[in-house]
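Inspection log for the structure reproduced underneath, given as structure tokens.
The values are calculated or read from the model by the stated rules, or taken from the named source; none is laboratory data. Computed from a prediction, not measured in an experiment: that's the story for all the values here. Heads up, the Cβs are rebuilt from the backbone with ideal geometry, glycines too, and the neighbour counts pull from every protein chain shown. Side chains included, ligands, DNA and RNA excluded: accessible areas come from the protein's heavy atoms. Shrake-Rupley method; radii C 1.70, N 1.55, O 1.52, S 1.80 Å.
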Amino acid sequence: MKQLFGAMIACTLCLGATHSFAHEKPPVDAKPLSEVIKALEAQGYSPITEVSVKRGQWEVEAYKDGVERELRIDPIDGKVISDRLDD
């Protein structure tokens with residue numbers, strides 16, 4: 001729970017900074033970010049280091065098995081659309 005709380009705070013801070021530059025926000029019917037983060041952590045993505053919205057999708061930087069990943073998440077159902085190594 002402590003880890004989830006820390007990730008949520010970090011994501012909130014990242015989202016605030018990113019949002020102010022990108023001027024994008026998730027769709028009105030998007031799944032809450034807290035649920036998306038919880039689902040990603042359940043899939044082994046931790047820590048989550050950055051979250052932003054780009055082109056209407058969540059863009060998430062996180063680690064899995066010690067490797068930094070860049071994910072694109074469908075904002076409506078919260079499913080991973082793409083998972084690749086972060087450059």
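What is the spin-label model distance, in nm, from residue 39 to residue 68 if the labels are put 7 Å beyond Cα along the C-beta direction? Placing both labels 7 Å beyond Cα along the Cβ direction yields 2.6 nm. Heavy-atom surface analysis with a 1.4 Å probe gives region 24-87 a carbon and sulfur content of 49 percent of its accessible area.
The alpha-carbon of residue 64 sits under 20 angstrom from the alpha-carbons of these aspartates and glutamates, leaving out residues fewer than 8 places away in its chain: 35, 41, 50, 74, 83, 86, 87.
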